[in-house]
Each structure stands twice: as C-alpha cells, then as structure tokens.
Amino acid sequence: MNGQDQKTTHFGFRAVAEREKAGLVHGVFTSVASRYDIMNDAMSLGIHRLWKDAMMDWLAPRPGQKLLDVAGGTGDIAFRFLKRARQAHATVLDLTESMLRAGEQRAEAAQMADSLDWIVGDAMALPLADNSFDAYTISFGIRNVTRIHGALTEAFRVLRPGGRLMVLEFSHVPNELMRKIYDLYSFNMIPRLGQLIARDRDSYQYLVESIRRFPDQETFAGMIRGAGFENVKYRSLTMGIAALHSGWKI
C-alpha cells in the first residue's frame, strides 16, 4: 500500500481512505438524483432558494460573462445566472452524471440550451483550460470533495485574472441555543425526510453529518486565501446555517 492509499478523510462521521471518498459521494448523489430538487425544498422549507438568490445578488452577473458552476447538479445556480446576464454562458460540471441528466430534463434547460454546457468532471481535476472563466460558483458541494484545497486551487487556475469565486455552503450557527435546535431538526427530521421522499435515509444521514465536518466561516475564509484568492469576505445566512464566501483572482 502506498502513501496515497494510506491517507484518510471523512465521509460524514466515518474515516475513509481518500481514494474511496469520491466513489462514496458519487453513490450518494446517484441514489438521490431524481428526488434531489424536491428534497432541497423539503429539507430547507424552500429557504435554499433565497440563499441561491442571495448568491446571485452578491455575484451580480454581467452580460457576456462565462460561469463555471462546479458540483452544479441539476442547474439551479446556472439557470439563475443566465436569467440575470444576457448573452452569457454557463458550464455546469458535476461528478455525478445522473444529476446532470436530471438537470437537462428541467424546463429551463431547454429554454437556455444554447447558453449551457453540461460536463461530467471532478472538482479537483477540472477538464478545462487555465484562465477561461469570469466566475466560478459551487453551491452545497465543496464539503463533499475529498481535498478542499485541491478544489480551491483548481478554481483559481481556471478563473481569469479579475475572476471571482463564490461558494455557498452550510456553515456554523454561533448561537448555542439555535445550534441545539438546528441539530435536533437536522439529525432527526432530515434522514426521515430522505427515507420518505427519496427512499434513501443513509444518504441524507451522510449529508447531515458532512455539514458538521465542514470548517466554520473564518476557517474556510482562511482556506480560500491560502489558495491564492484576495479580498476574501463572507456573509452568514439564516443565523449561520449557511454562508456565502467570496474571493477574487487578482
């Protein structure tokens, strides 16, 4: 066994070999792809839509821009981007082909087909050229990658000078009482909803656990700076349940 094989990372609360995580994550999203959008609404009571709109408000898409949306799944972010930016183009990249196929079946995909690409790919090894995008977004996906730093450095590579990174991810609730209420809901209700709606309790148990393993707002901001980004800022959403992080390639 070589050194790479011996490296471990987390898959929810489990320790797994780094080489195994991508396959495990792929299995989760393959299992839930057909019900993913319905589950997002059910889990968040629709609030994820407001968070994604807030992401677009801060990103402020401009005409003619090129967006790379990594872990873009069924296209939520790409569709929002293209609705706001005339003559723009969006590339949706995801590790899980079934998520992309679910996105292509949405009505918006047909309406925006000339402005959209759907690509199967790994956030840590993007099959894309250097300096080729104006904006890079990743929404509720970066906590699932095996090596976050690897994904961030790839984001830096494919962005043009002056390009912008924006990450929307679950984060840390600083208020102890609210955190306890949130934990009670997450660990008890979300896996049950997963079983009821997606017929997959285990995948949503993993997703709840993965949120708890993700760094807090300040720590993650430091990781973005460590990948080379400047003017890094963040905004907490809904008392810290989620957060938006922004950084620029200068």
- Note on the structure: When Val167, Val208 are ranked with the fewest other C-beta atoms within 10 Å first, the list becomes Val208, Val167
- Calculate one ³J(HN,Hα) per residue across segment 142-159 by plugging θ = phi - 60° into the Karplus curve 6.51 cos²θ - 1.76 cosθ + 1.60, and present them in order as whole Hz with x for glycine and proline. 6, 6, 8, 6, 5, 10, 4, 4, x, 5, 5, 5, 5, 4, 4, 5, 7, 6
- Item | Pairwise Lys count, the chain - Cα closer than 28 Å, eight or more residues apart or different chains | 14
- Task: First select every other residue whose beta carbon is under 14 angstrom from the beta carbon of Ala151; then total the charges, Lys and Arg +1, Asp and Glu -1.
- Result: -2
- Message: Let me check I've understood the local charge: for Leu193, count other residues with C-beta under 14 angstrom from its C-beta, Lys and Arg +1, Asp and Glu -1. What total comes out?
- Response: 0
- Item | Charge dipole of the chain about the Cα centre (unit charges at C-beta), most positive-ward option of Gly103, Ile241, Val70 | Ile241
- Note on the structure: Within segment 202-233, the residues whose backbone N lies under 20 Å from a label point placed 7 Å from the Cα of Leu184 along the Cα-to-Cβ direction are 208-209, 212
- Item | Exposure proxy ranking, count of Cβ atoms within 10 Å, fewest first, for Lys52, Lys7 | Lys7, Lys52
- Task: Could you point to the label whose value was computed as volume of the Cα convex hull per residue in Å³ for the structure here, given (i) 121; (ii) 162; (iii) 137?
- Result: (i)
- Task: Let me have the 222 nm mean residue ellipticity of the chain computed from DSSP H runs of 4+ only, each contributing -39500 (n - 2.57), with the sum over all residues rounded to the nearest 500.
- Result: -13500 deg cm²/dmol
- Message: Just to confirm my numbers, what's the Cα centroid distance between segment 26-66 and segment 80-104 in Å?
- Response: 11
- Taking every other residue with Cβ under 13 Å from the Cβ of Leu244 and scoring Lys and Arg +1, Asp and Glu -1, one gets +1
- Message: Counting other beta carbons within 10 Å of each residue's own, what order do Tyr206, Tyr185, Tyr136 fall into, fewest first?
- Response: Tyr185, Tyr206, Tyr136
- Query: Separation between the Glu104 and Ala125 pseudo-spin-labels, each 7 Å from Cα along Cα→Cβ, expressed in nm?
  - Reply: 2.3
- Message: Could you give each residue of segment 22-31 its phi-based ³J(HN,Hα) in whole Hz, using Karplus coefficients 6.51, -1.76, 1.60 with θ = phi - 60°, and x for Gly or Pro?
- Response: 4, x, 5, 5, 4, x, 4, 7, 5, 5
- Message: In segment 139-157, whose amide N lies under 14 Å from the spot 7 Å out along Cα-to-Cβ of Leu193? List them in ranges.
- Response: none
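Each value in this text was obtained by applying a stated rule to the coordinates, not by laboratory testing. As the structure is a computational prediction, the values presented were derived from the model and not from experiment. So basically every Cβ, Gly included, is an ideal-geometry build from the backbone, and we count neighbours across all protein chains shown.
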